[in-house]
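This report refers to the structure that appears directly beneath it.
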Amino acid sequence: KLPAIVGSPAPLCYFVVLTAPAGSGKSSGGNVGRELVPVAEYVVDGLPIGSGEGLVEALFDMVTEKDADGKTKTVKRQNKFNAIVNIDEGEAMTALGTQTGSVTLATLRSIWSGQVLGQANASTERKRIVPAGRYVFGLTLALQPSKAGYLLGDVSAGTPQRFAWAWGTDPTIPDVPPKWPGTLEWKSPPTVTGVPHEMAVDPVVESVVRLHDLNAARGVTQADPIEAHALLLRLKIAGLLAIPDGRQ
């Protein structure tokens, strides 16, 4: 997680939109990524977009434990802390977001910010509460430009600002593809299950972030709403690039 430079610590939850015309290979990127860096067994991978409740539920499993009297019982507990969501068609998320009573987009916004997940008003059997910062989600969304209007139109709620947007075509792709490198020999750094490691941020970067936030809080500057989370997004990307490079 990123330290509390401004406000509270932030997990490295990362959402990306890959936008390009149909047939340009948007969806294949995730499959290639899995071949290059296989997903660890403790990661819930390949989750389709579903209800907000379903995203939370994916972190839970039935486990056996003993109560105060030493009796064995089966209960549902969070035993997963990392998940990857893949959305091949942006229309699926649009459909969920426009359903009456849907909390999918609200849940995604909470996930990106590392807030408490779940519903306190659910029944005892359905109650699933995940404490703040006890998870990291990655989300990829393949989206045709003509279908991006709904997501971009949700600026007031803060949804599109939480995504990194990338264009899915590249005129510099060589005629002859490079040699396939095979699986990259990289392993995630050792961690204690469910306990996030707090990364260090360079003091110069911290000062830039603090000054930006101070000016916004004082009303000195007013950022374009679509760029409201730009600095935090850049910090997340920097952290995610530093970890494979052996730096925390």
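Region 23-127 holds helices (runs of 4 or more DSSP H) entirely within its bounds, and those carrying 1 or more residues that are modelled with pLDDT under 80 and surrounded by 15 or more Cβ atoms within 10 Å (Cβ to Cβ) map to 28-36, 52-57, 90-98.
Does region 172-205 hold any residues that are at pLDDT 90 or above and not in a loop (DSSP other than H, G, I, E, B), and which are they? Those that are at pLDDT 90 or above and not in a loop (DSSP other than H, G, I, E, B): Pro203, Val204, Val205. Taking region 153-192 as the range and being touching a residue at least 40 places away in the same chain (Cβ under 8 Å) and more than 30 Å from Gly114 (Cβ to Cβ) as the test, the residues that pass are Thr169, Pro181, Thr183. Restricting the first member to region 214-240 and to residues that are in contact (Cβ under 8 Å) with a residue 60 or more places away in the chain, and the second to residues that are open to solvent by 70 Å² or more (accessible area, probe 1.4 Å) and part of a helix (DSSP H, G or I), the beta-carbon pairs closer than 9 Å and six or more apart or on different chains are Pro225/Ser156; Ile226/Leu152.
Residues of region 163-173 that are open to solvent by 30 Å² or more (accessible area, probe 1.4 Å) and either more than 14 Å from Pro145 (Cα to Cα) or among the β-branched types (Val, Ile, Thr) (or both): Thr169, Asp170, Pro171, Thr172, Ile173. If you check Lys26 against the conditions, is it closer than 15 Å to Tyr135 by Cβ and charged (D, E, K, R)? Considered against the rule, which asks whether it is closer than 15 Å to Tyr135 by Cβ and charged (D, E, K, R), Lys26 comes out as no. Within region 218-241, being assigned to a helix (DSSP H, G or I), more than 19 Å from Ser156 (Cβ to Cβ) and not small (Gly, Ala, Ser) holds for Arg218, Leu231, Arg234, Leu235, Lys236, Ile237, Leu240, Leu241.
Look at region 60-75: where a residue is within 20 Å of Tyr42 (Cα to Cα) and a partner is polar (S, T, N, Q) and surrounded by 10 or more Cβ atoms within 10 Å (Cβ to Cβ), sitting 6+ places away or on another chain with Cβ atoms under 8 Å, you get Phe60/Gln78; Phe60/Asn79; Asp61/Asn79; Val63/Asn79. The residues listed here are Ala166, Ala228, Ala223; of these, the one that is over 30 Å from Asn79 (Cβ atoms) and modelled with pLDDT under 85 is Ala223. Of everything in region 150-159, what is more than 23 Å from Lys1 (Cβ to Cβ) and either open to solvent by less than 50 Å² (accessible area, probe 1.4 Å) or of a type in the set (A, V, I, L, M) (or both)? Give them in sequence order. Hits for region 150-159 are Leu151, Leu152, Asp154, Val155, Ala157. Within region 203-244, being more than 22 Å from Phe15 (Cβ to Cβ), under 23 Å from the mean Cα position of the chain (by Cα) and open to solvent by 60 Å² or more (accessible area, probe 1.4 Å) holds for no residue.
Restricting attention to region 156-171, the residues that are out of contact with any strand residue (DSSP E or B) (no Cβ under 6 Å at 6 or more places or on another chain) and part of a strand (DSSP E or B) total 1.
The values are calculated or read from the model by the stated rules, or taken from the named source; none is laboratory data. On a predicted model such as this, the values are computed, not experimentally measured, just so you know. All Cβ positions, glycine included, derive from the backbone under ideal geometry; neighbour counts span all protein chains shown. These accessible areas exclude ligands, DNA and RNA; they are computed on the full protein's heavy atoms, side chains included. Shrake-Rupley method; radii C 1.70, N 1.55, O 1.52, S 1.80 Å.
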